[in-house]
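To keep things clear, I will list the structure first and then write my remarks on it.
Taken together, the values in this text are just the output of simple stated rules run on the coordinates, not laboratory data. From a predicted model like this one, the values you see are computed outputs, not experimental measurements. When we count neighbours, we look across all protein chains shown, and the Cβ atoms used for this are built from the backbone with ideal geometry, even at glycine.
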């Protein structure tokens with residue numbers, strides 16, 4: 001781990017947000033609120049209330065809580081024979097090079113890319129404070145070929161983005177995340193259901209059920225707090 005990537009062993013609580021985000025149950029659609037900022041206290045408040053930030057098409061900052069929320073049950077990950085073979089092809093690490101992972105997610109070829117410089121700076125600071133973690137996937141030449149990152153609060157891990165430069169690399173990162181989560185995590189949030197995530201075992205449980213499960217997940221020490229992954 002490089003010195004610039006060093007994070008704390010126990011997450012540091014930032015100053016509270018100057019904004020008070022609403023209860024997602026009051027929203028008719030996926031967008032709960034508009035505006036605010038990306039200060040650490042605001043972002044953590046959002047995740048603790050079942051929301052996450054993402055830009056809107058008009059450029060404003062939106063706070064989202066999908067009506068159809070998707071999770072991956074920690075005992076329900078589907079690992080095909082070919083994916084199992086791929087897990088032997090790579091080397092895995094946790095929090096070894098967060099900056100490279102988030103850059104890889106930014107540079108991934110996506111027409112709907114939403115990770116702006118402002119988001120990069122915000123999640124980099126949360127990583128420094130111990131709330132955001134990355135999984136790195138390396139080939140045997142120690143070249144980074146994939147990874148993912150997300151927010152960890154207690155037993156919750158809210159996946160934000162992933163990327164791959166080699167076959168199955170992002171899937172292998174997800175497999176390793178589930179291994180880590182099974183050491184003490186309880187809720188793996190993947191935001192929206194997609195055919196790709198569904199093929200890996202993701203299920204849509206709905207916002208109400210997600211919000212019912214969230215407090216218990218937040219109340220327990222998570223796997224990243226136990227030994228840094």
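Order by neighbour count: 157, 119, 163, 19, fewest other Cβ atoms within 10 Å first, most last.
Ascending number of Cβ neighbours within 10 Å: 19, 119, 163, 157.
If each residue of separation counts as 0.36 nm, what is the full-extension length gain between residue 194 and residue 19 once their alpha-carbon separation is subtracted?
Roughly 59.8 nm would be gained on extension.
Pulled fully out, how much extra length does the chain show between residue 58 and residue 182, if you take 0.36 nm times their separation in residues and subtract their Cα-Cα distance?
Full extension from residue 58 to residue 182 adds 40.7 nm.
What order do you get for 26, 42 when you list them from fewest to most C-beta neighbours inside 10 Å?
Ranking 26, 42 by Cβ neighbours within 10 Å, fewest first, gives 26, 42.
For 162, 54, what ranking results if the residue with the fewest other Cβ atoms within 10 Å of its Cβ goes first?
54, 162
Could you tell me which of rounded, prolate or oblate describes the chain, using a ≥ b ≥ c as the square roots of the eigenvalues of the alpha-carbon gyration tensor, with rounded for a/c under 1.5 and, failing that, prolate when a/b is larger than b/c and oblate otherwise?
Here the chain falls in the rounded category.
Based solely on its DSSP helices, what 222 nm [θ] is calculated for the chain when runs of n ≥ 4 H residues each add -39,500 (n - 2.57) and the sum is averaged over all residues, nearest 500 deg cm²/dmol?
Taken over the chain, the calculation gives -9000 deg cm²/dmol.
Quick one: work out the % antiparallel among DSSP beta bridges in the chain, nearest 5.
90
Once R0 is set to 30 Å, what does the formula 1/(1 + (r/R0)^6) return for the Cβ-Cβ distance between residue 80 and residue 103, expressed as a FRET efficiency to the nearest 0.05?
That gives a FRET efficiency of 0.55.
With springs connecting C-alpha atoms under 10 Å apart, model the chain as a Gaussian network and identify which of 16, 57, 73 has the largest mean-square fluctuation.
Answer for the Gaussian network model of the chain: 57.
Given a Förster radius of 35 Å and the C-beta distance between residue 140 and residue 219 as r, what FRET efficiency does 1/(1 + (r/R0)^6) yield to the nearest 0.05?
For residue 140 and residue 219, the calculated efficiency is 0.30.
Please find the FRET efficiency linking residue 28 to residue 211, where r is the Cβ-Cβ separation and R0 is fixed at 22 Å, and quote it to the nearest 0.05.
0.90
When the chain is fully extended, how far beyond the present Cα-Cα distance does residue 120 get from residue 88, taking 0.36 nm per residue of separation?
That works out to 8.4 nm of additional length.
How far is helix 117-129 tilted, in degrees, relative to the longest principal axis of the Cα atoms in the chain, given as a value from 0 to 90 rounded to the nearest 10?
Rounded to the nearest ten degrees, it is 80.
Looking only at 127, 141, 176, which one moves most when the chain is put into a Gaussian network model with springs between Cα atoms under 10 Å?
Residue with maximal mean-square fluctuation among 127, 141, 176: 141.
Evaluated at 10 °C with a viscosity of 1.306 mPa s, what Stokes-Einstein diffusion coefficient in µm²/s does segment 16-64 have when Rh comes from the Kirkwood expression over alpha-carbon pairs?
148
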